[in-house]
Amino acid sequence: QVQLVESGGGLVQPGGSLRLSCAASGIIVGINTMGWYRQVPGKQRALVAAIFPGGSTTYADSVKGRFTISRDNAKNTVYLQMNGLKPEDTAVYYCNTRSLGNAYWGQGTQVTVSS
């Protein structure tokens with residue numbers, strides 16, 4: 001059974017940094033596409049960043065140059081390093097993957113950027 005467990009969210013001031021972690025079980029992060037999404041109330045969940053099996057990455061325009069997605073195959077964990085945080089980055093962040101045609105989501109972690 002695939003499980004994704006996010007951690008690392010919290011309250012941070014504008015300009016600050018946070019690193020989110022997504023610990024996976026039941027899948028191998030190194031051979032699956034792993035993504036980070038975020039959602040604010042009243043809006044659809046939106047892709048923030050993804051890392052593909054070959055190691056290439058993609059980012060939403062709004063986070064390019066500020067966020068970095070990476071993975072540690074030995075720990076079977078995916079990370080999202082967020083620098084230069086802005087109030088508009090406030091959201092619940094979710095880890096995502098697909099396996100055998102099914103989409104899997106973590107429980108989400110709240111990120112709040114406020115002074």
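The values are calculated or read from the model by the stated rules, or taken from the named source; none is laboratory data. Keep in mind the model is a prediction, meaning the values are calculated, not measured. When we count neighbours, we look across all protein chains shown, and the Cβ atoms used for this are built from the backbone with ideal geometry, even at glycine. SASA here: full protein model, heavy atoms, side chains in, ligands and nucleic acids out. Shrake-Rupley method; radii C 1.70, N 1.55, O 1.52, S 1.80 Å.
The apolar share of the surface of the chain, taken as the fraction of accessible area on carbon and sulfur atoms (1.4 Å probe, ligands and nucleic acids excluded), comes to 49 percent.
Skip the ligands, DNA and RNA, and give the accessible area per residue of segment 1-102 with a 1.4 Å probe, whole Å². Walk me through the numbers on the way to the answer.
On the way: 5330 Å² over 102 residues.
For segment 1-102, the per-residue accessible area is 52 Å².
Computed from backbone phi, the HN-Hα couplings of segment 96-107 come to 9, 8, 10, 8, 6, x, 9, 9, 10, 10, x, 7 Hz, rounded to whole numbers (Karplus: 6.51 cos²θ - 1.76 cosθ + 1.60, θ = phi - 60°; Gly and Pro given as x).
The distance between label points at Arg45 and Thr33 comes to 1.5 nm (points 7 Å beyond Cα on the Cα→Cβ vector). Its Cα centre serving as origin, the chain has a Cβ charge dipole (Lys and Arg +1, Asp and Glu -1) of approximately 80 debye.
In a fully extended conformation the segment linking Lys75 and Ser56 would gain 4.9 nm over its present Cα-Cα distance, using 0.36 nm per residue. Summarising the label geometry, the points placed 7 Å from Cα in the beta-carbon direction at Ser99 and Ser25 lie 1.1 nm from one another.
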